[in-house]
Structures are given as structure tokens and as C-alpha cells.
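Worksheet: one structure, shown below.
The values are calculated or read from the model by the stated rules, or taken from the named source; none is laboratory data. These numbers come from a predicted model, not from an experiment. Note that we place each Cβ from the backbone using ideal geometry, even for glycine, and neighbour counts take in every protein chain shown. Calculation scope for accessible area: heavy atoms of the full protein, side chains included, ligands and nucleic acids excluded. Shrake-Rupley method; radii C 1.70, N 1.55, O 1.52, S 1.80 Å.
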Amino acid sequence: MEDYFMQETTSFIHSIPVDPLTGAISVPIYQTSTFVQEAPGVHKGYDYARSNNPTRSVLENLIAGLEKGARGLAFASGLAAIDAILKLLQSGDEIIAVDDIYGGAFRLFEQVYKKFGIQVTYVDAADPENILAALNQNTKLIWIETPSNPTLKIADIATIASIAKAGKCLLCVDNTFASPALQKPILLGADIVVHSATKYLGGHSDLIAGLVVTATEELGEKIRFYQNAAGAILGPFDSWLVIRGMETLSLRMKQHCASAQEIAEFLLERPEVDQVFYPGLPGHPHHNIAKKQSRGYGGIVSFSLKEDSLEAARRFVSSTRLFKLAESLGGIKSLISHSAEMTHKTIPPEIRRAAGVKDSLIRLSVGLEEAEDLIADLRNTFDHTIVRSTKYLHHLENC
Ligand SMILES: *Cc1c(COP(=O)(O)O)cnc(C)c1O
């Protein structure tokens with residue numbers, strides 16, 4: 001596994017094609033809707049830009065190569081990519097999904113696909129036994145995110161892939177949090193990988209995009225049909241931005257991982273903190289699986305407060321200076337978010353809490369600033385916000 005990664009950066013950078021027409025070293029942006037044909041149906045491989053665009057094709061080939069899959073497809077958003085995969089199913093089919101699934105995917109499953117007769121069972125995928133127990137003959141798709149959002153649970157991809165094979169259903173891994181620089185689910189037996197390229201692949205918080213990679217050409221062709229039929233494609237300029245982001249992916253991921261590890265260790269020592277969630281900590285319950293199946297532990301760190309209230313978390317996330325309060329993750333600037341009131345607000349509180357997303361859970365997307373500066377920002381926030389508010393509470397009690 002490690003060998004794949006070692007030679008990868010150089011070969012990846014040189015797999016980005018030089019423009020055959022002009023020699024341009026940067027991929028040209030083909031900002032066009034249609035392509036002139038010599039005779040009806042006689043053309044250079046491109047006829048209409050919803051079906052195919054040369055800039056998008058470069059991106060689709062690059063992500064397929066990075067994920068070691070047969071086919072890559074680029075969509076207008078991560079959710080559009082997920083939507084195209086779900087179109088493989090039909091009424092009566094069932095999905096088994098990870099219980100702390102991305103909120104937008106949960107909304108799509110529950111409020112769109114449910115009414116078309118597709119049922120979803122949510123399980124804690126950290127224990128593959130739960131998937132085995134939920135499997136039945138209607139199960140057509142297993143949906144996991146690992147590391148999951150926001151509690152960074154790890155699912156054993158290879159074990160779940162063998163369950164999927166035995167159950168004759170597809171395994172789709174949302175690889176957004178790890179990125180292909182750290183984890184390659186297809187090499188571990190997954191059938192489909194999906195990305196919100198909005199996050200680490202784009203890497204600069206400047207676009208919305210989604211990518212799908214399939215293990216086989218045949219499955220890729222089926223999803224490509226839905227990509228063209230429904231039309232939620234990624235435009236040429238945004239395709240170019242994702243390519244540009246991917247050029248520095250491995251370099252960025254190294255730094256995100258190193259800083260996140262330092263920050264997780266810092267948080268462990270803070271008396272205000274209840275739990276720290278980071279797969280790189282030896283105390284993380286699935287640290288060994290994370291170590292086995294990925295090359296690094298990623299740039300996302302979550303933690304909960306001893307004062308487990310929406311209010312305490314709200315106060316904290318509103319007080320950091322370098323960590324900007326915003327949804328999303330994976331960019332160069334560090335972000336902070338309050339899961340219960342932001343990314344997971346579409347998930348009912350009982351389901352959210354059962355999946356371990358406490359009221360005070362705070363998620364950090366560790367950016368590319370100096371780790372020391374980020375730690376100083378957090379230390380300052382603990383020292384001032386939390387302590388001041390505790391004093392304030394005492395003051396109220398004494399009144
Ligand atoms: C953001 C995200 C998505 C959705 O992607 P968009 O690009 O916002 O549509 C899906 N899965 C995960 C894990 C995400 O973080």
C-alpha cells in the first residue's frame with residue numbers, strides 16, 4: 001500500500017497533460033457549449049459540453065488515476081455526485097448507511113429518495129457486525145464515510161467490502177475526509193468512491209464540486225449515463241480549479257495531518273475538554289484500523305466540552321480568531337463549526353446524539369497556518385471565553 005503513495009506525487013504531477021495543441025503547461029479551459037462537426041456525428045470526440053468537455057475530461061481522468069479506479073466523473077457538487085450514484089437504485093431497494101452520515105446525504109436519502117421507495121437503515125459502521133446484521137436480500141448499497149463526520153469514527157473498508165461482496169451489493173465510500181492522498185478505498189475492495197471536491201481536492205474554499213470514481217468501467221458507464229441524463233455536470237472553469245487544487249493535494253495533506261495531530265494532543269491536555277476525536281491519537285478506539293488502511297489521519301479534529309451545552313459550544317466557536325466560524329472544511333484557512341447547529345442541524349437531535357454528536361461537539365478543520373499559531377488561538381479562547389463565562393455563571397448564582 002505504502003508504495004503506491006511514495007511514487008505517487010511525481011507521477012501524479014506528470015500525469016496532468018500538457019496541451020497537445022499549443023504546449024500550454026496548464027490545462028486549457030474549454031469554455032464552450034458545443035463543438036463543430038465535420039459531418040453529422042463526425043467529430044473529435046466532443047459534441048456537446050453536457051456530455052463531455054475536454055477540461056472536465058482531464059479532471060475525470062486524474063481522479064480516476066489517483067483513486068486507482070476505472071472511471072472518474074465530475075459533478076456540480078458533492079451532493080450531485082451522491083445523487084447520481086443513488087440513481088443506480090430502484091423502488092424497493094435498501095441502503096445501509098453509516099449513522100453519523102453527512103447531513104446533506106441524510107436529507108437526500110430521507111426527504112428525496114425515501115418517497116421513491118428506497119429505505120435506509122443507519123448503523124454504527126465502526127463495528128462491521130452491525131452492517132452484517134442489517135443486511136438483507138433487498139440491500140443494494142452500503143454507504144460509509146471514513147473517517148466519519150464529525151466524530152471521526154473509522155470503518156474497516158476491507159472487511160465491509162467483503163461483506164458487500166458476499167451480500168451482492170455495492171460498497172460506496174465517501175472519501176472526502178481522507179482524500180486519495182491518504183486513503184484509496186478501491187484498492188481495499190470498494191466499488192465506488194465519492195468526493196465532495198469542495199473540500200480537500202479543491203483545497204482553497206473557492207468552489208463547489210463533486211467527483212465519483214468507479215472500480216469498473218461498466219459501473220462507471222452506468223453512472224455516466226445519469227450524469228448526462230440529469231446533467232449536474234461540473235463546468236470547465238471549476239474543473240480547472242479542482243485540477244489546480246489537486247496539484248498540491250499531497251503536500252497540503254501532509255501539513256494538515258501534522259498540525260491536526262499537534263492540535264489533538266493539545267486538546268487532550270485541556271481541563272475544559274471532555275473528549276477529543278482524532279484517529280491519530282493512540283487512544284482513539286479505531287486507531288489501529290486507521291493506521292492499517294490509511295497513510296495519515298487527516299486534518300479534522302473534533303472535541304466536546306465538559307460543559308455539554310449548545311450555549312457553551314456556541315460561545316467557543318464565536319470566539320476564536322484564526323479559526324473562522326464557517327461550514328465546510330479542507331481549505332487552507334482553518335475553520336471551526338458547531339456540529340449540532342451547523343452541519344448536523346438537518347438530523348433530528350435524538351438520531352444526532354445517538355450517533356455520538358453531543359450538543360457541545362465542536363469540529364475543527366485545521367488549515368495551513370502554523371500549528372503554533374492555531375494552538376495559541378485555541379488556548380486564548382479557552383482561557384478567556386470559557387473561564388470568563390464560568391465566572392459569569394458564579395456571579396449569577398451569587399446574585
Ligand atoms: C461537504 C460534504 C458532502 C457534500 O458535498 P457538497 O460539495 O457540499 O455538495 C458530502 N460528503 C461529505 C463527507 C462532505 O463533507
| remark: Expected output for the range 239-252 (first residue touching a residue at least 40 places away in the same chain (Cβ under 8 Å) and among the small types (Gly, Ala, Ser), partner open to solvent by 30 Å² or more (accessible area, probe 1.4 Å) and assigned to a helix (DSSP H, G or I), Cβ below 6 Å, 6+ apart or cross-chain) is SER250/THR9
| remark: Of the residues in the range 336-361, those that are more than 16 Å from the ligand (Cβ to nearest atom), charged (D, E, K, R) and open to solvent by less than 30 Å² (accessible area, probe 1.4 Å) come to ASP359
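Quick check: is even one residue across the range 54-66 within 15 Å of the ligand (Cβ to nearest atom), of a type outside the set (Val, Ile, Thr) and either in contact with an Asp or Glu (Cβ under 6 Å, 6 or more places away or on another chain) or in the same structural domain as SER196 (by TED's automatic domain parsing) (or both)? Talk me through it step by step, then tell me what you get.
Initial filter on the range 54-66 (within 15 Å of the ligand (Cβ to nearest atom)): 59, 63.
Adding the requirement that they be of a type outside the set (Val, Ile, Thr) leaves 59.
Narrowing further to those that are either in contact with an Asp or Glu (Cβ under 6 Å, 6 or more places away or on another chain) or in the same structural domain as SER196 (by TED's automatic domain parsing) (or both): 59.
Within the range 54-66, one or more residues are within 15 Å of the ligand (Cβ to nearest atom), of a type outside the set (Val, Ile, Thr) and either in contact with an Asp or Glu (Cβ under 6 Å, 6 or more places away or on another chain) or in the same structural domain as SER196 (by TED's automatic domain parsing) (or both).
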| message | Could you list, ordered by first residue, the pairs with Cβ atoms under 7 Å in which the first is in the range 34-49 and of a type in the set (Asp, Glu) and the second is open to solvent by 60 Å² or more (accessible area, probe 1.4 Å), at least 6 apart or interchain? | response | ASP47/GLN37
| task | Scan the range 208-229 for residues that are more than 9 Å from the ligand (Cβ to nearest atom) and within 22 Å of ILE332 (Cα to Cα) and jot them down. | result | LEU211
| Looking at (1) open to solvent by 20 Å² or more (accessible area, probe 1.4 Å); (2) not in a strand (DSSP E or B), which is the only condition ILE101 fails? | (1)
| said: Can you find a residue that is within 11 Å of the ligand (Cβ to nearest atom), of a type outside the set (Asp, Glu) and without any contact (Cβ under 8 Å) to a residue 60 or more places away in the chain anywhere in the range 93-100? | reply: yes
| Quick check: anything in the range 220-231 open to solvent by 40 Å² or more (accessible area, probe 1.4 Å) and within 15 Å of the chain's Cα centre (by Cα)? | no
